[in-house]
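Before any comments, here is the structure.
The values are calculated or read from the model by the stated rules, or taken from the named source; none is laboratory data. Fair warning: this is a prediction, and the values are worked out from it, not measured in the lab. Virtual Cβ from ideal backbone geometry, glycine too; neighbours counted across all protein chains shown. We work out accessible area using only protein heavy atoms, side chains counted, and drop any ligands, DNA or RNA first. Shrake-Rupley method; radii C 1.70, N 1.55, O 1.52, S 1.80 Å.
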Amino acid sequence: MNGIKLLLITGVLFIAVYFYVRLRNSLFDLFLLLVFISAAIFFILFPESSNRLAHQLGVGRGADLVFYTSILIFWFVILKLYGRIRKLEQIITTLLRKQTLDEAGKE
């Protein structure tokens with residue numbers, strides 16, 4: 001195992017431990033984390049398998065396949081976070097309206 005593989009696996013495991021500590025309440029999130037971490041370690045240890053999969057899917061290199069799928073995952077996460085922010089904004093607005101009406105009614 002060369003230096004870059006060791007560095008990448010260490011980084012992936014660090015991310016896995018960090019998110020495990022933060023997400024330990026959600027079983028589905030932990031399952032997804034395990035799947036992504038396993039895939040990352042597999043492709044780090046066996047990079048030729050990502051090249052084979054990329055060629056089967058019509059992509060030139062395994063690195064390109066990883067890059068393209070990362071973009072899709074990135075956009076999914078961005079949209080999910082945007083939806084969560086919008087929901088929180090609506091909850092805050094509802095709570096503030098209720099609090100304002102309650103305070104106005106006391107006077």
**Report entry** Loop-resident sites, the chain, for trypsin sites (Lys or Arg not before Pro), counting at most 16 other Cβ within 10 Å (DSSP)
**Finding:** Arg24, Arg61
Report summary line: Excluding residues fewer than 8 positions from Lys80 in its own chain, the lysines with Cα under 29 Å of it are Lys98
Query raised in the report: Binning every alpha carbon pair distance of the chain at 10 Å from zero, what are the percents per bin?
Result: 12, 28, 27, 14, 9, 6, 3, 0
Requested in this report: Only helices at least 20 Å long along their axis, Cα-based, and averaging 0.0 or more on Kyte-Doolittle count here, so list those DSSP H runs from the chain.
Outcome: 3-23, 27-45, 62-106
Query - Local electrostatic count, Arg52, Cβ distance below 14 Å [Lys/Arg +1, Asp/Glu -1] - result: -1
Report summary line: Taking a probe of 1.4 Å and leaving out DNA, RNA and ligands, segment 1-94 shows per residue an accessible area in Å² of 82 Å²
Query - Contour excess over end-to-end distance, with Cα ends at Ile91 and Lys106 and 0.36 nm allotted per residue - result: 3.1 nm
**Report entry** Net charge over other residues, Cβ less than 12 angstrom from the Cβ of Leu96 (K, R count +1; D, E count -1)
**Finding:** -1
Report task. Report, to the nearest whole %, how much of the accessible area of the chain belongs to carbon and sulfur atoms, 1.4 Å probe, protein only. Result -> 70 percent
